Amino acid sequence: MKKKLIFGSIIIALIAVLVWLGKKNSKSPIEYETEKPFKTNIVRKTVATGKVIPLEEVEIKPQITGIIEKIYVEEGAKLQKGDLIAKVRVIPNEQALANAQGRVRKAELAVNNTKIIYDRNKKLHDSGVISQGEFEVFQLNYDQAKQDLVNAENDFQIIKKGYTGQGGSANTNIRATTSGMILEIPVKEGYQVIQSNNFNAGTTIASIADMTKMIFEGKVDEAEVGKLNEGIEIEVGLGAIEKKKFPAKLNFIAPKGTEENGAVQFKIKADVTLDEQYFVRAGYSANADIVLEKKDSVLSIKESLLQFDKKTEEPYVEIKTGDQEFERKDLELGISDGINVEIVSGITEEDEIKIWNKTRKEDKDERG
């Protein structure tokens, strides 16, 4: 009797084990977690790289050729219009100087000759031999000869010294033509400079700019330039000033692009609103965050939940229909910010989406 009971107990135990193993094997070896869609704001941005520069930068050039004799200011100095920057010492051209001396000598001879004629005819006029009208002709010739001498002497002084006796040192004193800060002085005392004229741009002695008026100048890709409009608000971040964004307004989009490394880039400019707490230097590298598209409170999912058909490359997700049972749902997508993507159609807010690349922790532990 005891043997029968023991044998029966063993049979029951074996059956229980077999039932337990059957249930275990019927379960999916991998259990996936799920997530629900949600509503959020999505902003699609692009970043334009560039720099901040002054709105207007003026180059100061000499009006006469010579040698820098003295520089009176330093880079970074704030100047008012008319302030003295430097002084140029004229080094005359020998040939031009000789020609000018010749013209002075010729004018002196003309004055001496017309004076003799004038004096002779004045005596005749005083004696009543010639009329007043005849005498005035000789007087005019004498006055013109004296003026020609003055002009020749002035030309000689300008060539020799860079200025005339009446003009002081107007041409040799280099003054600011606008108010602002000196950004650069590319010359030193003793440097030779060339005057600015119709045939030569001349040597830049200093560059001046108003540092309270700055612009962002950068480039955007051709794929995004069509979505930009003049007047939109952007934010500019500077590499030298961390955790600070400067508001700016786009005011220029180049009508023509330039090819760089196989991609067509378009120049853009924006007026930057500065903060008095920060001094922004010309040439700081900068990045502009530009909003291309924005949607508020739209149905979205994480981009990492998307799967793509191997043949059509159409996006889809798998929706939970039962215990570890999922059904494919094709999606129509909207805008994306790189993390979240808008769902135009395909699923609802109540659907549970399979996280295809993430399983439950207990399954990992069992498999580990």
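The values are calculated or read from the model by the stated rules, or taken from the named source; none is laboratory data. Keep in mind that this is a model prediction, so the values were computed, not measured. A quick note on method: Cβ atoms are made from the backbone with ideal geometry, for glycine too, and the neighbour counts reach across all protein chains shown. In case anyone asks, the SASA skips ligands and DNA or RNA and just uses the protein heavy atoms, side chains included. Shrake-Rupley method; radii C 1.70, N 1.55, O 1.52, S 1.80 Å.
Hey, does region 262-272 have a residue that's under 28 Å from ASN340 (Cα atoms) and surrounded by 14 or more Cβ atoms within 10 Å (Cβ to Cβ)?
Within region 262-272, the first condition is being under 28 Å from ASN340 (Cα atoms), and the residues that meet it are 263, 265.
Narrowing further to those that are surrounded by 14 or more Cβ atoms within 10 Å (Cβ to Cβ): 265.
Yes, the conditions are met somewhere in region 262-272.
For THR203, work out the one condition from (1) outside any strand (DSSP E or B); (2) open to solvent by 50 Å² or more (accessible area, probe 1.4 Å) it doesn't fulfil.
That leaves (2) as the condition not met.
Identify, please: which residue in region 287-304 is of a type outside the set (Val, Ile, Thr) and open to solvent by less than 60 Å² (accessible area, probe 1.4 Å) and is, among those, nearest to the chain's Cα centre (by Cα)?
Taking region 287-304 first, the residues of a type outside the set (Val, Ile, Thr) are 287-289, 292-297, 299-300, 302-304.
Restricting the remaining residues to those that are open to solvent by less than 60 Å² (accessible area, probe 1.4 Å) gives 288-289, 292, 299-300.
Details: ALA288: 10, ASP289: 13, LEU292: 19, LEU299: 37, SER300: 36 Å.
By that ranking, first place goes to ALA288.
What pairs come up if the first residue lies in region 286-315 and is over 30 Å from VAL52 (Cβ atoms) and touching a residue at least 60 places away in the same chain (Cβ under 8 Å), the second is in a loop (DSSP other than H, G, I, E, B) and hydrophobic (A, V, I, L, M, F, W, C), and their beta carbons are under 7 Å apart, counting only those six or more places apart or on different chains?
LYS302/ILE339
Could you list, in sequence order, all residues of region 197-255 that are in contact (Cβ under 8 Å) with a residue 60 or more places away in the chain and in contact with a Phe, Trp or Tyr (Cβ under 6 Å, 6 or more places away or on another chain)?
Selection gives VAL220, VAL236, LEU238.
Which count do you get for residues in region 80-108 that are more than 30 Å from ARG281 (Cβ to Cβ), open to solvent by 30 Å² or more (accessible area, probe 1.4 Å) and in contact with a Phe, Trp or Tyr (Cβ under 8 Å, 6 or more places away or on another chain)? Write out each step before concluding.
At the first step, the residues of region 80-108 found to be more than 30 Å from ARG281 (Cβ to Cβ) are 89-108.
From the residues that got through so far, the ones that are open to solvent by 30 Å² or more (accessible area, probe 1.4 Å) too are 89, 91-96, 98-99, 101-103, 105-106, 108.
Subset that is in contact with a Phe, Trp or Tyr (Cβ under 8 Å, 6 or more places away or on another chain): 101, 103.
Here the count works out to 2.
Could you list, in sequence order, the residues of region 327-351 that are open to solvent by less than 60 Å² (accessible area, probe 1.4 Å) and touching a Phe, Trp or Tyr at 6+ places or on another chain (Cβ under 9 Å)?
The answer is LEU331, ASN340, GLY346.
Kindly evaluate ASP363 against the criterion of being open to solvent by less than 80 Å² (accessible area, probe 1.4 Å), in a helix (DSSP H, G or I) and either modelled with pLDDT under 85 or within 16 Å of LYS36 (Cα to Cα) (or both). Steps first, please.
Numbers: open to solvent by less than 80 Å² (accessible area, probe 1.4 Å): yes; in a helix (DSSP H, G or I): yes; either modelled with pLDDT under 85 or within 16 Å of LYS36 (Cα to Cα) (or both): yes.
It is true that ASP363 is open to solvent by less than 80 Å² (accessible area, probe 1.4 Å), in a helix (DSSP H, G or I) and either modelled with pLDDT under 85 or within 16 Å of LYS36 (Cα to Cα) (or both).
May I ask you to verify whether ALA248 is loosely packed, with under 13 Cβ neighbours inside 10 Å, closer than 30 Å to ILE215 by Cβ and either under 35 Å from the mean Cα position of the chain (by Cα) or among the charged types (D, E, K, R) (or both)?
Numbers: loosely packed, with under 13 Cβ neighbours inside 10 Å: no; closer than 30 Å to ILE215 by Cβ: yes; either under 35 Å from the mean Cα position of the chain (by Cα) or among the charged types (D, E, K, R) (or both): yes.
The answer is no for ALA248.
Quick one: in region 56-79, which of the residues that are closer than 16 Å to LYS213 by Cα and in contact with a Ser or Thr (Cβ under 9 Å, 6 or more places away or on another chain) is least open to solvent (accessible area, probe 1.4 Å)?
Taking region 56-79 and keeping what is closer than 16 Å to LYS213 by Cα, we get 56-58, 76, 78-79.
Subsequent filtering for residues that are in contact with a Ser or Thr (Cβ under 9 Å, 6 or more places away or on another chain) retains 56-58, 78-79.
Details: GLU56: 132, GLU57: 101, VAL58: 47, LYS78: 164, LEU79: 13 Å².
Only one residue fits best here, namely LEU79.
Out of region 109-118, which residues are of a type outside the set (Lys, Arg) and open to solvent by 60 Å² or more (accessible area, probe 1.4 Å)? Quick ask: steps written out before the conclusion?
Quick first cut of region 109-118, residues of a type outside the set (Lys, Arg) only: 109-114, 116-118.
Answer for region 109-118, where residues must be of a type outside the set (Lys, Arg) and open to solvent by 60 Å² or more (accessible area, probe 1.4 Å): LEU109, ASN112, ASN113, ILE116.
Quickly run through region 276-286 and pick out the residues that are open to solvent by less than 90 Å² (accessible area, probe 1.4 Å), of a type outside the set (Val, Ile, Thr) and under 21 Å from ILE182 (Cβ atoms). Break it down stepwise before answering.
Just the residues of region 276-286 that are open to solvent by less than 90 Å² (accessible area, probe 1.4 Å), to begin with: 278, 280, 282-286.
Cutting the leftovers down to of a type outside the set (Val, Ile, Thr) gives us 278, 282-286.
Passing the criteria: TYR278, ALA282, GLY283, TYR284.
Condition first: of a type in the set (S, T, N, Q) and in contact with an Asp or Glu (Cβ under 6 Å, 6 or more places away or on another chain). Can you find one or more residues in region 297-307 that meet it? Steps first, please.
As a first pass, look at region 297-307 and keep what is of a type in the set (S, T, N, Q): 297, 300, 304, 307.
From the residues that got through so far, the ones that are in contact with an Asp or Glu (Cβ under 6 Å, 6 or more places away or on another chain) too are 300.
Scanning region 297-307 turns up at least one residue that is of a type in the set (S, T, N, Q) and in contact with an Asp or Glu (Cβ under 6 Å, 6 or more places away or on another chain).
Just need a number here: residues in region 152-200 that are open to solvent by 70 Å² or more (accessible area, probe 1.4 Å), more than 15 Å from THR65 (Cβ to Cβ) and modelled with pLDDT of 80 or more.
Summing the residues that are open to solvent by 70 Å² or more (accessible area, probe 1.4 Å), more than 15 Å from THR65 (Cβ to Cβ) and modelled with pLDDT of 80 or more in region 152-200 gives 6.
All but one of (1) out of contact with any strand residue (DSSP E or B) (no Cβ under 7 Å at 6 or more places or on another chain); (2) of a type in the set (Gly, Ala, Ser); (3) surrounded by 12 or more Cβ atoms within 10 Å (Cβ to Cβ) hold for GLY226; state the number of the condition that does not hold.
Here GLY226 meets the rest and fails (3).
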